[in-house]
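To start, the structure under review is shown below, and the notes come after it.
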Amino acid sequence: MVPVNYYIILSAILFTIGALGVLVRRNPLIMFMSIELMLNSANLAMVAFSSAIKSLSGQIFVFFVIAVAAAEVAVGLALIVQIFKSRHTINVDEMNSLKG
Amino acid sequence: MQLSETISTGFLFLAPWLVFFPVIGLLINLIFGGRMSEKAIGWVASAASGAAFVVSVLLAYSVSAAHGEVLRWTLAPWMHVGDLAIDWTFRADSLSTTMMLVVSGVGTLIHIYAIGYMHEDVRFKSDLGRYRRFFVFLNLFIAMMMILVSGDSYMMLFVGWEGVGLCSFLLIGFWYDMDTLGRPSWANSNAAKKAFITNRIGDFGFLLAGFLMFWKLGSFQFDSVFEAAAEVAHNEPWVIVAITLFMLIGVAGKSAQIPLYVWLPDAMAGPTPVSALIHAATMVTAGVYLVTRSSELYTLVPQAQYIVAMVGAATALFAATIAVGQYDIKKVLAYSTISQLGFMVAAVGMGAYVAGMFHLVTHAFFKALLFLSAGSVILGLERGHHHLAHHGGHGGGHHEEVFDPGDMRNMGGLRKTMPVTFWLYMIGTLALAGIFPFAGFWSKDEILLDASLHYPTVYILLSIAAFFTAFYMGRQIWMVFFGEARHDAAAHAEESKPIITAPLMVLAALSILGGALNLPFEGFHNLGHWLEYTLHEVEALPLNLQVAGISTALALTAIVVSWLIYGRKPLTKGQPDPLKKPLGLIFTGMENKWFVDEGYWAVFVNRYVDISRFLADYVDWRFWHDFVHDKVIAGTYNWLSTIALNDYADQKVINWFFDGWGRATQWLSATTRKVQNGFVRSYALSIMLGVVVILGYLLLKP
């Protein structure tokens, strides 16, 4: 049995990679993937805890998170397609028309 | 008991109606007069006065039925403060009812006369609206005069005293916006003010007498005062002397004696019925009434009596000399009134109260007659003048000149054009001159007789005054009614209507027969016996042929002399007075009233004007207005508002604060705006940092 610490450390590493990806990359598709990475790092932590404390509630949470993430990606990709149609680019740094 | 009391007081319960009737008449004319015809207004007023006369007769009857007992009727309490208790108490005794009868009787006749007189007067002066006002004032006067003579205390007398002063003021200034000739000017108002202010000086004396009376004698009620006076006169005689002399100042004001007589000639600015009623027959005799009413005080102090008698005698002579030099028909009568009031005051001063009251009554008859006849003459000339103005054509601009219908130099020959008025005037003149058997003869002789027995100086002064009286009346008759008309208006003068002449005939009858009131024969001292109820110790003197003979001789001589000067060779148009040349400076003095008015101006009035001017110009205007108000108050306010509050508090502090607030908001928004840069990744970083901070806090918190 692998100790839960290892899962948590892996989860932290994945979350950090995801967060850095969101902050650093300018392509929204990559950013979405990074967000997925962060979500899944959290899923991993919850599944690990769930198995460690012998409770299924963490796993049920994970199902919800996966479902919500799928819905979110569907909406996000649709937005990106529409933005590309109108502006012919998907570079997030050029989408700043709401700046103060 | 109750029944017998009712009987003994007779008609006393009517006493307040002496005042109420005229007030009702006044109110009717005041409220409904605007919708009533002139005739109705006049007759309502006359009826009100006539009703007061009826009440007076009933009261006199009650007094006589009660054998002269003093009857009192308390209407309402007035002032009850500490020891002071004054009620509205009406007093009917032989003295007050005598005055009531004169006031309301002569007053009613004059009301009736005024119906005709004012009808024409308001038309000559072109202001019909004032007809009603005249009768309102006249009724108010009757009411006030009734309060004066029927009061049972000095304070109630004073209310009437002030009230008639007010009416006098209102009626002298009746045509307040013109002079006596109808030209726009303030002359009539000034005359009214002069009368009022001069009377105020007299009233001040009356008030001082009143204060002293209450302080030392403890009451205002007549009988209590007299009762207390006897003892005080014994211990502190100066008190009574002071009271009587202060009262004399009041008498001098109201009854036009030296030195306060100057208002009465100017009072002729009022319409002629006013001159007759107020300034000859009734109001001006209030002073004589006051002295007679206070006889018990005066009898205690012979020194004061002497002063009163001398003031009266001096006034009688002084005013008579001025009357000789006057040209205005009413001015002559005004000075004659002052002179005759001097006779009365001298009489009451000598203690000859019956003689004084007798002369008061007869004088009311014949002087009212003379004034009203003079009014008729003036109206006659006005009519003549109007007649000419409307049928002009001859003479061109001749009638544009100001015409004075009261100037005797414009008259002459009126005997033919106004015969009724002429005969009435003759009767009045003979009565005033003291020709047997007219009323004036008996009353004046009684005064002269008393004077000859007690005060030789007074007797001499009064005899000379009587000589002048007959002389100036003769002069007036010759100038007005004889000779030829000296003005076209006089030539076309028209006789007055019966409404004017009828009351005059009644007065003429009274002037002829008035002497019968108190004939100097055994059994005929009616007025004396009547007044004895009130005055006690009345001396009934028999006829003294020597005194009567001298005075008649003087009067006849004076008339003859006046005929020699004015009658034998009548004045022609533009001719100066024939006395002017031989008398020179003396006549100039008489013509100009001995410059007394000018003297008063120089000594008192101008000083007063100077003080007023100083107060107005320096104290009020320059100090109070310019300095205190403008500089100190307004200046401080301006400094505060413009500099302190506006420049500093408002502009610098408050404005700066809100400007700063605005700038701070701008700065803050400009600064924080930069955070919202539109880069999605920087927002994400913010969220990340926020999460880190919150998590750090949660983890590290103790």
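The values are calculated or read from the model by the stated rules, or taken from the named source; none is laboratory data. In this text the structure is predicted, and so the values were computed from the model without any measurement. FYI the Cβ positions are ideal-geometry reconstructions off the backbone, even for glycines, and counts take in every protein chain you see.
Structure notes:
- Entirely in the stretch B:222-269, the helices (runs of 4 or more DSSP H) that have 3 or more residues that are more than 14 Å from B:Lys194 (Cβ to Cβ): B:222-235, B:237-254
- Single match in A:Val47, A:Val2 (criterion: more than 27 Å from B:Arg681 (Cα to Cα), of a type in the set (Val, Ile, Thr) and at pLDDT 90 or above): A:Val47
- Filtering the stretch B:168-227 to residues that are among the basic types (Lys, Arg) and crowded, with 19+ Cβ neighbours inside 10 Å leaves only B:Lys194.
- Breaking point among (1) out of contact with any strand residue (DSSP E or B) (no Cβ under 6 Å at 6 or more places or on another chain); (2) farther than 21 Å from B:Ser294 by Cβ; (3) surrounded by fewer than 22 Cβ atoms within 10 Å (Cβ to Cβ), for B:Met118: (3)
- Enumerated helices (runs of 4 or more DSSP H) restricted to the stretch B:275-340, each holding at least 1 residues that are without any contact (Cβ under 8 Å) to a residue 40 or more places away in the chain: B:302-324
- Flag if A:Ser34 is modelled with pLDDT of 90 or more, over 20 Å from B:Leu685 (Cα atoms), among the polar types (S, T, N, Q) and surrounded by 16 or more Cβ atoms within 10 Å (Cβ to Cβ): no
Residue-by-condition table, conditions (1) out of contact with any helix residue (DSSP H, G or I) (no Cβ under 8 Å at 6 or more places or on another chain); (2) of a type in the set (A, V, I, L, M); (3) in a helix (DSSP H, G or I):
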| position | (1), (2), (3) |
| --- | --- |
| B:Asp404 | no, no, no |
| B:Arg409 | no, no, yes |
| B:Leu424 | no, yes, yes |
| B:Ile427 | no, yes, yes |
| B:Pro437 | no, no, no |
| B:Lys444 | no, no, yes |
| B:Leu453 | yes, yes, yes |
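- Here B:Trp563 meets the list (1) part of a loop (DSSP other than H, G, I, E, B); (2) surrounded by 13 or more Cβ atoms within 10 Å (Cβ to Cβ) almost entirely, failing just condition (1).
- Checked against the criterion of being more than 20 Å from the chain's Cα centre (by Cα) and not in a helix (DSSP H, G or I), the candidates B:Gly210, B:Gly182 yield just one match: B:Gly182.
Here is a yes/no grid of residues against (1) within 60 Å of the chain's Cα centre (by Cα); (2) within 14 Å of another protein chain (Cβ to nearest Cβ); (3) touching a residue at least 60 places away in the same chain (Cβ under 8 Å):
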site: B:Ala602; (1), (2), (3): yes, no, no
site: B:Val605; (1), (2), (3): yes, no, no
site: B:Asp610; (1), (2), (3): yes, no, no
site: B:Ala634; (1), (2), (3): yes, no, no
site: B:Phe657; (1), (2), (3): no, no, no
site: B:Leu685; (1), (2), (3): no, yes, no
site: B:Val691; (1), (2), (3): no, yes, no
site: B:Leu698; (1), (2), (3): no, no, no
site: B:Pro702; (1), (2), (3): no, no, no
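- Test: residue in the stretch B:663-675 that is without any contact (Cβ under 8 Å) to a residue 60 or more places away in the chain, within 14 Å of chain A (Cβ to nearest Cβ) and in a loop (DSSP other than H, G, I, E, B): yes
Every residue, every condition in (1) in a helix (DSSP H, G or I); (2) more than 22 Å from B:Ala323 (Cα to Cα); (3) at pLDDT below 95, yes or no:
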{"site": "B:Gly351", "(1), (2), (3)": "no, yes, yes"}
{"site": "B:Ala355", "(1), (2), (3)": "yes, yes, yes"}
{"site": "B:Gly375", "(1), (2), (3)": "yes, no, yes"}
{"site": "B:Gly380", "(1), (2), (3)": "yes, yes, yes"}
{"site": "B:His386", "(1), (2), (3)": "yes, yes, yes"}
{"site": "B:Ala389", "(1), (2), (3)": "yes, yes, yes"}
